[in-house]
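Below you'll find the structure, written out as structure tokens, and then a few comments.
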Amino acid sequence: MKLAARVGQVTPSITLAITAKAKAMKASGMDVCSFSAGEPDFPTPPHVVAAAQRAMDEGKTRYGPAAGEPALREAIAHKLQRDNGITYAPQQTIVTNGGKHALYGLMMALIEAGDEVIIPAPYWLSYPEMVILAGGQPVIVPTTEESGYKITPEQLRSVITPRTKLLVMNSPSNPTGKVYTPDEIRAIAQVAIETDLVVVSDEIYEKILYDGAEHLSIAAVEGMYERSLVCNGFAKAYSMTGWRVGYLAGPEAIISAVATIQGHCTSNVCTFAQYGAIAALNESQDCVAEMLAAFTQRRSVMLERIRSMPGITCPEPEGAFYLFPNISRLGLTSVEFCQRLLEEFQVATIPGLPFGSDANFRLSYATDLDTILRGMDRLDKFVSSLQ
Ligand SMILES: Cc1ncc(COP(=O)(O)O)c(C=O)c1O
């Protein structure tokens, strides 16, 4: 049977494929050190689990409104005010199947055939694929290690055309861990205002910041409220990856368009999972601080080891839980590097290529210290063998 042409236009997620391969190797008895998944290794905080269990006991097991439980939309609006200083009414928010489907729904609601979407590289690998699925044209803007892998206002200005529809911002970034400073955000906002640009800001790593790095949501900058969409979720900050709860906030007309689309493709997010999400937002945030403390320690250990390896440079990440070392001096493509590392040394990492930079590879340090130490020993041996 002939598949639709769009299937051939997108690439399956390499992150999911490598993670699956590493899991299969583990299942066959191999000792694999896995740094591939963008997934905290902590259990979901018990009070969040308890809230979902209570919801199930109370019969919150039925269909709900496609845009989300009213109590969760209210909690999201409250969070955006409390943490980001942005005032949204609950109807300006929508609960989605993870941050991923918030972005997909938004692309489907905004993009018409041939519309251009600006994506600074390195980027989270699903952005261009979502743009393509929606019929749009990704406009990839390469950044450099020197600029901290951040797009400059001049670069942004230079790629805007009459077909430009949207700019995708992601700070803290997956894969680089880089965080735009408030001044840098304001400078990008200035260009967006002057050029009448709509911005989607993926803030899913907003709570994972190091060394005093500061997160400013671009939607909070004066003049940006009407032209910004904020995307966030529970997976990373609350270790709720499998719960599939995320959200989008922005102008009501756009949110309600996303809700109409969602109503036809997924209906509501799992009802009792949403009650867990309410507890995550409304109850103690100590769990977030505890996970951050662990990430902080792991980041230092991994960064120090990686930087000691000959031929590798690695900028210091200010957020998220990834390192994105540069391996261009080692003479392998990122795919060759990661394949050999997995097959010869049983260390799972992700090549930079699908993130828009073949000079790098990505390691997640959202795993225990022992695995990090063992994995770094193996990586060291592999890198030495390449010299
Ligand atoms: C930058 C970024 N945005 C969005 C997501 C989607 O997260 P989820 O759909 O699990 O909420 C991820 C997950 O890896 C991510 O790294």
Can you tell me which condition residue 253 does not meet? The list is (1) among the small types (Gly, Ala, Ser); (2) surrounded by 20 or more Cβ atoms within 10 Å (Cβ to Cβ); (3) away from the ligand (no atom under 16 Å from the Cβ), and all the others hold.
(2)
Checking residue 143 against (1) more than 23 Å from the chain's Cα centre (by Cα); (2) over 17 Å from residue 234 (Cβ atoms), which test does it fail?
(1)
With (1) away from the ligand (no atom under 15 Å from the Cβ); (2) under 25 Å from residue 48 (Cα atoms); (3) in the same structural domain as residue 181 (by TED's automatic domain parsing) as the list, and residue 261 as the residue in question, which single condition is left unmet?
(2)
Residue 274, sole failed condition from (1) outside any loop (DSSP other than H, G, I, E, B); (2) surrounded by fewer than 22 Cβ atoms within 10 Å (Cβ to Cβ); (3) touching an Asp or Glu at 6+ places or on another chain (Cβ under 7 Å):
(2)
Is it the case that residue 242 is within 15 Å of the ligand (Cβ to nearest atom) and without any contact (Cβ under 8 Å) to a residue 12 or more places away in the chain?
yes
Name the one entry in 303, 281, 323, 330 that is within 20 Å of the chain's Cα centre (by Cα) and closer than 27 Å to residue 148 by Cα.
323
Quick check on segment 162-177: of everything there that is assigned to a loop (DSSP other than H, G, I, E, B) and within 12 Å of the ligand (Cβ to nearest atom), which residue is surrounded by the fewest Cβ atoms within 10 Å (Cβ to Cβ)?
174
How many residues does segment 98-142 hold that are out of contact with any Pro (no Cβ under 7 Å at 6 or more places or on another chain), in a loop (DSSP other than H, G, I, E, B) and more than 9 Å from the ligand (Cβ to nearest atom)?
8
Residue that is nearest to residue 381 (Cα to Cα), among those in segment 281-302 that are more than 16 Å from the ligand (Cβ to nearest atom) and buried (at least 19 other Cβ atoms within 10 Å of the Cβ)
302
Does segment 357-367 include one or more residues that are in a loop (DSSP other than H, G, I, E, B), buried (at least 19 other Cβ atoms within 10 Å of the Cβ), assigned by TED's automatic domain parsing to the domain that holds residue 24 and more than 16 Å from the ligand (Cβ to nearest atom)?
no
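The values are calculated or read from the model by the stated rules, or taken from the named source; none is laboratory data. In this text the structure is predicted, and so the values were computed from the model without any measurement. For neighbour counting, all protein chains shown are included, and Cβ atoms are generated from backbone atoms with ideal geometry for every residue, glycine included.
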